[in-house]
Amino acid sequence: MKQIFKLLMAAMLFVFVCNVLPASAQSPKSIMYERGYRADIQVGPVWCDEYTLYTLSTSHGYSFGNGLYVGGGIGLYITPAEMGGYKTRYQVPIFAEIKYSFLDWIVSPFVDLKAGGFYDYTLGGTGYVIRPSVGVDIWRFSISAGWDHNRFRWDIGRFGNPGWHIGVSYNF
């Protein structure tokens, strides 16, 4: 928890320093303030109590030109934990995403929420995922941290993989 707090404080300091420095009129601005189609691809871990999940996702949607992005996406969670006779599980989230970037600068803090359905391809369980996060957009890249909460339902009962996540994205 302390490491995440330190990471967020360092990110906020970085945003402050980058945005206080003088910039020329030709300096690049945030792509979240350009109206039109946007997409991203994100990778990162989710740290649960007993193991680490590895995630890959892509989101596609529309940027309204005022920092607001609305879209939807699909992903893949790979869980190296034994369950039901399998050593590795594969889960597929399908989600809606809303993101708001606060500043029209090359470096800008943002908030993000992903929520949707979740399918465990390995064991056939279904459920949901909710993933709020905060982060920093740096030109076409984003770094985010937050909570990843998902729940499944199988014949053997309910199960979830809640934990902290960190993600690195490239924004198209």
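What follows is calculated from the coordinates using simple rules that are stated; it is not laboratory data. Keep in mind it's a predicted model, so treat the numbers as computed, not measured.
General remarks:
- Kirkwood Rh, angstrom, the stretch 21-172 [1 / mean 1/r, Cα pairs]: 16.1 Å
- Partner aspartates and glutamates for K87 [C-alpha distance under 18 Å; skip if fewer than 8 residues away on the same chain]: D49, E50, D120
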